[in-house]
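Step one of this worksheet: look at the structure below.
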Amino acid sequence: MKGIDDILAGELVRSALAARERSHSPYSNFRVGAALLARDGTITTGCNVEISSFSLTCCAERTALFAAVAGGEKDFIAVAVVSDADETPPCGACRQALADFNPHLEIILGREDGSFTRTTLDSLYPKPFLPTSFPHGNLSQ
Ligand code: THU
């Protein structure tokens with residue numbers, strides 16, 4: 001699989017680990033951090049934010065995605081995810097949200113010690129609903 005080099009992947013994992021420290025997860029005590037890499041090199045991080053009305057909780061991946069889009073980025077090439085577990089592949093909702101921007105996104109599953117394994121969004125989520133599925137949408141917005 002051709003993707004970002006190991007040095008950059010390691011940097012993304014370290015950024016995700018730092019973001020995990022900011023996790024707000026008083027209900028699950030399960031901390032998650034994500035670091036999203038845009039093609040221009042910008043890294044945007046996110047953590048899970050849990051809300052007392054549980055369904056309002058936002059995963060680390062979508063927190064990072066929304067912050068990155070709000071910061072002017074839309075062209076993403078990779079995301080690293082770390083948690084308190086060994087490996088945490090993005091949940092189904094995050095797979096859909098990420099696929100809207102790049103269905104071929106590289107996914108780096110990181111661990112506490114900085115090691116990681118690689119996969120891709122198209123292998124985890126092979127047939128997404130896509131923005132192009134809207135016949136009358138305006139993708140330039
Ligand atoms: N969580 C994430 O942040 N990302 C995932 O991919 C899986 C789940 C969070 C949501 C919630 O705060 C906690 O982990 C338990 O589900």
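Only the coordinates and a few stated rules stand behind these numbers; no lab work does. Every value quoted in this text rests on a predicted model; they were computed, and no experiment measured them. Please note: Cβ atoms are built from the backbone with ideal geometry, for glycine as well, and neighbour counts cover all protein chains shown.
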Residue satisfying condition, being in contact with a helix residue (DSSP H, G or I) (Cβ under 8 Å, 6 or more places away or on another chain) and of a type in the set (Ser, Thr, Tyr), within set Thr57, Thr88, Thr42, Thr63:
Thr42
Output yes when any residue across segment 130-137 is more than 12 Å from the chain's Cα centre (by Cα), in a loop (DSSP other than H, G, I, E, B), loosely packed, with under 11 Cβ neighbours inside 10 Å and within 14 Å of the ligand (Cβ to nearest atom), and no when none is.
no
Taking first residues from segment 21-42 that are under 21 Å from Ala97 (Cα atoms) and second residues anywhere that are part of a strand (DSSP E or B) and more than 13 Å from the ligand (Cβ to nearest atom), the pairs with Cβ under 6 Å that are 6 or more apart or on different chains are Ala35/Ile43; Leu36/Thr44; Leu36/Phe76; Leu37/Ile43; Leu37/Ile77; Leu37/Ala78; Ala38/Phe76; Arg39/Ile77
For segment 6-24 the number of residues that are among the aliphatic types (A, V, I, L, M) and more than 16 Å from the ligand (Cβ to nearest atom) is 3
Quick check on this structure: which one of Ala68, Ala9 is under 11 Å from the mean Cα position of the chain (by Cα) and of a type in the set (A, V, I, L, M)?
Ala68
